[in-house]
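Q: Attaching a single structure in structure tokens format; questions to follow.
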Amino acid sequence: RPLLVPFATVTAAAALVVASLFAVQADRTRDELDGARDRAREIAHVLAAPDARATSRADERGRGIGVVASAAEGRAVITLSGYGEPPGDRVHQLWLVRPGAVPRSLGLLDGDTPLTASGLDRSSTSLAVTVEPGGGSVRPTSSPVVQLTLESVGFGE
């Protein structure tokens, strides 16, 4: 009996640790699912807009950018394909370009995961993607790897 008490105590402690790890993982998974659900809802909102229009651009190597935008909503869903991950701790950053204005960051692109951007207005002329230091930049620090005019989706008027 004296040997069973320490064994039972260690077993109970191990079970608590395992249960705690499962609880933490369940919370993390729930947060990830909530985030994915929110992104899907934002994308669906843009795609369902009555004035939603699509355009894309690809280079000779097949790398491209695609946009579905709603001028009425001032929102767009942007995807980048074929560019892969930038080297080191660099990231792809999306910029809104308007005449006479400093480019405004619309966020960081994560591989081929769609990014929903808001705050576009009819004077928005193009979207540009640059390679920036990890975490992004306040202003573009490099030339665009791809740029797409927005005229065909109702902007730039």
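Q: Please state the charge dipole magnitude for the chain, taken about the Cα centre, from unit charges on C-beta atoms (+1 on K and R, -1 on D and E), reported in debye and rounded to the nearest 20.
A: Using Cβ point charges on Lys, Arg, Asp and Glu, the chain gives about 200 debye.
Q: Counting other C-beta atoms within 10 Å, and keeping those with at most 16, which DSSP coil trypsin sites (Lys or Arg not before Pro) do you find in region 23-84? Present the calculation step by step, with values, prior to reporting the outcome.
A: Details: sites: 28, 30, 37, 39, 41, 53, 57, 61, 63, 75; in loops: 61, 63.
Sparse-neighbourhood loop trypsin sites (Lys or Arg not before Pro): 61, 63.
Q: May I pose another question? Starting from the amide H of residue 125, placed 1.01 Å from N in the peptide plane, find each other amide H under 5 Å away whose residue is 5 or more places distant or on another chain.
A: Here the answer is 97, 98, since their amide H atoms fall under 5 Å of that of residue 125.
Q: If you average the sequence gap of Cα pairs under 8 Å that are 6 or more apart and divide by the length of the chain, what percent do you get for the contact order?
A: Once divided by the residue count of the chain, the mean separation gives 19 percent.
Q: Turning to a different aspect of this structure: Which of the following values of P(r) over Cα pairs in 10 Å bins from 0, in percent was calculated from the structure shown: (1) 11, 40, 36, 12, 1; (2) 10, 31, 26, 11, 8, 7, 5, 2, 0; (3) 10, 34, 29, 19, 7, 1?
A: (2)
Q: Here is a follow-up. Let me check against my output: what whole-number percent is the relative contact order of region 99-143, with C-alpha pairs under 8 Å and at least 6 apart?
A: Working: 26 pairs, mean separation 18.8, N = 45.
For region 99-143, the relative contact order is 42 percent.
Q: Now for a different question. Rounded to the nearest 500, what is the 222 nm mean residue ellipticity of the chain from helices alone, with -39500 (n - 2.57) per DSSP H run of 4+ residues and division by all residues?
A: When only DSSP H runs of four or more count, the value is -10500 deg cm²/dmol.
Q: Separate question: Kindly rank 13-19, 114-120, 141-147 from highest to lowest mean number of other beta carbons found within 10 Å of each residue.
A: By packing density, highest mean first, the sequence is 114-120, 141-147, 13-19.
Q: Further question: Helix 4-47 versus the longest principal axis of the chain: what angle, 0 to 90°, nearest 10, using Cα atoms?
A: 20 degrees
Q: Right, next: Compactness ratio of region 81-157: Cα Rg over 2.2 N^0.38 Å, N = residue count?
A: Working it through for region 81-157, the quotient is 1.07.
Throughout, read-outs are computed from the coordinates displayed, never taken from laboratory work. Every value quoted in this text rests on a predicted model; they were computed, and no experiment measured them. Note that each Cβ is placed from the backbone with ideal geometry, even for glycine, and that neighbours are counted across all protein chains shown.
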